[in-house]
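Inspection log for the structure reproduced underneath, given as structure tokens.
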Amino acid sequence: MKNKFYITTPIYYPSAEAHIGHAYCSTMCDILARYKRMRGVETYFLTGTDEHGEKIQKKALEKGVTPQQYVDEISAKFKHLWKAMKISNDDFIRTTDEKHIKTVQKVFSKLYENGDIYLGKYEGWYCTPCESFWTDTQVGEDHLCPDCGRPVHRDTEECYFFKTQKYLPDLLKYFDENPKFITPVARKNEMVNTFIKPGLADLSISRTTFDWGVPVLENNKHVMYVWLDALCNYISALGYGSDNDELFKKFWGEDSEIVHVVGADITRFHTIYWPMFLKGINLRMPDRVFVHGLLDLNGEKMSKSKGNVVSPLPLIDRYGVDAVRWFLAKEFSFGSDGRFTPELFAERVNMDLANNFGNLVNRTTAMISKYFEGKVPAYKNPGQKEKDIEELTRKTVQKYELLMDDLQLTEAFDAVVELLNAANKYIEESKPWELSKSGNIEQLGNVMAVLANSIITCAKLLSPALVETAPKVFVLFGLSKEQEKYEYVNKFCVYEGNVVTRGEPLFPRLDVKVETEFIQSLTA
Ligand code: ME8
């Protein structure tokens, strides 16, 4: 494991308000950032907003405000949502930040000096919402954008192009030598088969038909095309090319693991052009681009214009932030497409949080209060069943770490849920109430001690997702600051004497029918 970790979300367009799809990506990155910090890895977590382009300029015009006023307002809403979602980003980059603009201009000039950029004319099919030109084959007979499915129009324009062929051999070599660069691996194959094999065109990187963009210093008729501008956020935020580049040296250095998490809609830009730009300015490649799937709502693509989006804010108000974060992390595998429906949400919260984790904590704290006056008993001469739970706990920690380090966070949480299931089953099998009746206090103590140990371990492993609940569990089990440390996941049954309190249920059981109606009423 490298000793530094740099993780980024895409920078979102402030062309619409943030919805649960945006919250999905930010939450997954937040979980990974919190996990790495918990493991003692120096971590930098970046998110932000992508504020230039024709679409933004048009939206501002429609609203009768300046583009800057428009982006200021929406960018503030994104920040507000991240606060509510407990997103622990270290910085929030805006492409209208002065330091970002300077970096992009520097990158353009370097590429220009290299001879990687030339002035040409673009003719093609243009999709305004996606700000992308497409070829005849890509738009097909219906002339629809291959990304968003909306109609495209014919356009021609003088623009600067980036020569992609020059860097293609290096890119393919990097793909081959780094099988985890693009994961899930099917996404890599898609890039090669859809974009590279048919012949990769040069990329247009400037525009002349609008002016809401970073000016090209070499030619004042042009502003940067949004993708060169946007992608540079990952280095501008760290201070690349400025006098204040300590963060850059630290988190873009060889001993830093650089991970970009992106949705499947923008894989091409991050896995083909971004590595080429980096090569052009002589910077190292990111270690990984992790492509997550897209979330639909009730089986339909989320779209504000179709009135088919849900904001996380009212969900957080009603169910708490951990319920929302948990649903996103656990409902479908990170890397696959997923679905949000009100029923799935309520059922997931009930199944994992109320009935499993919450119930286990509730039962165990109640029994320790009842049988041992609220103190974790000693772990002495444990039987085979206790040793099995101990062993399973140990293995779960190992499995969880391997999976988390490989960005497979849903699977890592699956492993923890298996341990929770096993612990609940273990209560049924070990029948503490009978041990109490028969006066087998030593064995009853072992059962409680091993349960307390597994619960505390699970709370730690779940803490990157359950940011409010895990600390509550630590309090219920009377953990000292020392015991709260992550290293304790590998110390077994060391909580003897800890004072345990019975709290309110961590997650009340939801009435699926009532909650479904409530959530349904939020989709607008
Ligand atoms: O593409 N399900 O911005 P964007 C899951 N500015 N994730 C979703 C989602 C959904 N339904 N909808 C959006 C841009 N996302 C560019 C990025 S990066 C240098 C520039 C998430 O506002 C997902 O991560 O369209 C997707 O890739 C990203 O938001 C796109 O956000």
### Query
With a sphere of radius 14 Å drawn around the Cβ of residue 478, what net charge do the other residues whose Cβ falls strictly inside it have (Lys, Arg +1; Asp, Glu -1)?
0
### Query
Roughly how big is the range 91-207's charge dipole about its Cα centre, with Cβ charges of +1 (Lys, Arg) and -1 (Asp, Glu), in debye to the nearest 20?
380 debye
#### Entry: Cross-link reach list, aspartates and glutamates versus residue 399, counting only Cα pairs under 17 Å and skipping chain neighbours closer than eight places
388, 390, 391, 411, 414, 418, 487
### Task
Would you work out the charge dipole size for the range 307-378 about its Cα centre, treating the Cβ of every Lys and Arg as +1 and the Cβ of every Asp and Glu as -1, and quote it to the nearest 20 debye?
260 debye
### Message
Pairs on different chains or at least eight residues apart, Cα atoms closer than 24 Å: how many lysine pairs in the range 171-229 fit?
### Response
5
## Note on the structure
Between the residues 92, 107, 78, the Cα farthest towards the positive end of the dipole of the range 72-121, that dipole coming from +1 and -1 charges on the beta-carbon of Lys, Arg, Asp and Glu, is from 78
### Task
Taking amide H positions as placed in the peptide plane 1.01 Å from N, state which residues far from residue 5 in sequence (5 or more) or on other chains have amide H under 5 Å from it.
42, 43, 44, 257
### Message
Rounded to the nearest 20 debye, what is the charge dipole size of the chain about its Cα centre when +1 sits on each Lys and Arg Cβ and -1 on each Asp and Glu Cβ?
### Response
920 debye
### Query
What is the set of long-range amide H partners of residue 122 at a cut-off below 5 Å, with H atoms built 1.01 Å from backbone N?
157, 158, 159
### Query
If you take the beta carbon distance between residue 192 and residue 219 as r and set R0 to 22 Å, what does 1/(1 + (r/R0)^6) give as a FRET efficiency, to the nearest 0.05?
0.05
### Derived scalar couplings ³J(HN,Hα) [the range 238-251; Karplus, 6.51 cos²θ - 1.76 cosθ + 1.60; whole Hz; x for Gly, Pro]
8, x, 4, x, 10, 6, 9, 10, 4, 4, 4, 4, 6, 9
### Message
For a Förster distance of 56 Å, can you work out the FRET efficiency between the beta-carbons of residue 128 and residue 355, rounded to the nearest 0.05?
### Response
0.70
### Task
Classify the range 432-524 as rounded, prolate or oblate, taking a ≥ b ≥ c as the square roots of the eigenvalues of its Cα gyration tensor: rounded when a/c is under 1.5, otherwise prolate if a/b is larger than b/c and oblate if not.
oblate
### Message
Just to confirm the filter: which trypsin sites (Lys or Arg not before Pro) across the range 359-402 are DSSP coil and have at most 14 other Cβ within 10 angstrom of their Cβ?
### Response
380
### Query
Does the range 6-109 classify as rounded, prolate or oblate by the C-alpha gyration tensor (a ≥ b ≥ c root eigenvalues; a/c under 1.5 gives rounded; else a/b over b/c gives prolate, otherwise oblate)?
oblate
### Extension reserve of the residue 494-residue 343 stretch, reckoned as 0.36 nm per residue once the Cα distance is removed
50.3 nm
### Summary
Charge dipole of the chain built from unit charges on the beta carbon (Lys, Arg +1; Asp, Glu -1), centred at mean Cα; most positive-end Cα among 43, 376, 230 is 376
### Query
Taking the simple approach of a point 7 Å from Cα along Cα-to-Cβ for both residue 114 and residue 66, what is their distance in nm?
3.5 nm
## Note on the structure
For residue 246 and residue 513, extending 7 Å from Cα along the Cα-Cβ vector and measuring point to point gives, in nm, a value of 6.1 nm
### Task
Could you tell me how many degrees, from 0 to 90 and to the nearest 10, lie between the Cα long axis of helix 168-177 and the main elongation axis, the longest principal axis, of the Cα atoms of the chain?
10 degrees
### Task
Pull out a ≥ b ≥ c, the square roots of the eigenvalues of the alpha-carbon gyration tensor of the range 132-248, then state rounded if a/c is under 1.5, prolate if not and a/b is larger than b/c, and oblate in the remaining case.
oblate
### Summary
Here FRET efficiency (C-beta to C-beta, residue 153 to residue 88, R₀ 51 Å, nearest 0.05) is 0.75
### Message
Could you compute the net charge surrounding residue 371? Neighbours are other residues with a C-beta less than 13 Å from the C-beta of residue 371; K and R count +1, D and E count -1.
### Response
+3
## Note on the structure
A correct Karplus calculation of ³J(HN,Hα) over the range 330-337, with 6.51 cos²θ - 1.76 cosθ + 1.60, θ = phi - 60°, whole Hz and x for Gly and Pro, returns 10, 5, 9, 5, 4, x, 9, 6
### Task
Identify, among 267, 495, 132, the residue whose Cα sits farthest towards the positive end of the charge dipole of the chain, taking +1 on the Cβ of Lys and Arg and -1 on the Cβ of Asp and Glu, with the dipole about the Cα centre.
495
#### Entry: the range 25-78-the range 202-226 distance, computed between alpha-carbon centres (Å)
22 Å
### Query
Near residue 59, which aspartates and glutamates are there with a Cα under 16 Å away, not counting those fewer than 8 places off in the same chain?
17, 50, 51, 72, 73, 131, 211
### Task
Return a whole-number percent for the relative contact order of the range 49-122, with Cα pairs under 8 Å and 6 or more residues apart as the contact set.
32 percent
### Summary
Computed over the range 418-524, the relative contact order (Cα-Cα under 8 Å, seq sep at least six) in percent reads 23 percent
### Task
For the chain, find the longest principal axis of its Cα atoms and tell me its angle to the long axis of helix 409-430, 0 to 90°, nearest 10.
10 degrees
### Query
Under the rule of -39500 (n - 2.57) per DSSP H run of 4 or more residues, summed and divided by the residues of the chain, what mean residue ellipticity at 222 nm is obtained, to the nearest 500 deg cm²/dmol?
-13500 deg cm²/dmol
### Query
Relative to the first principal axis of the alpha-carbon coordinates of the chain, what is the inclination of helix 20-38, with its axis defined by its Cα atoms, in degrees from 0 to 90 and to the nearest 10?
60 degrees
### Query
If exposed GluC sites (Glu not before Pro) are those in a DSSP loop with at most 10 other Cβ within 10 Å, what is the longest stretch of the chain that has none?
1-140
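We did not get these values from a lab; they are worked out from the coordinates using the rules stated. All of these numbers come straight from a predicted model, not from anything done at the bench. All Cβ positions, even for glycine, are placed from backbone atoms using ideal geometry, and neighbour counts span all protein chains on display.
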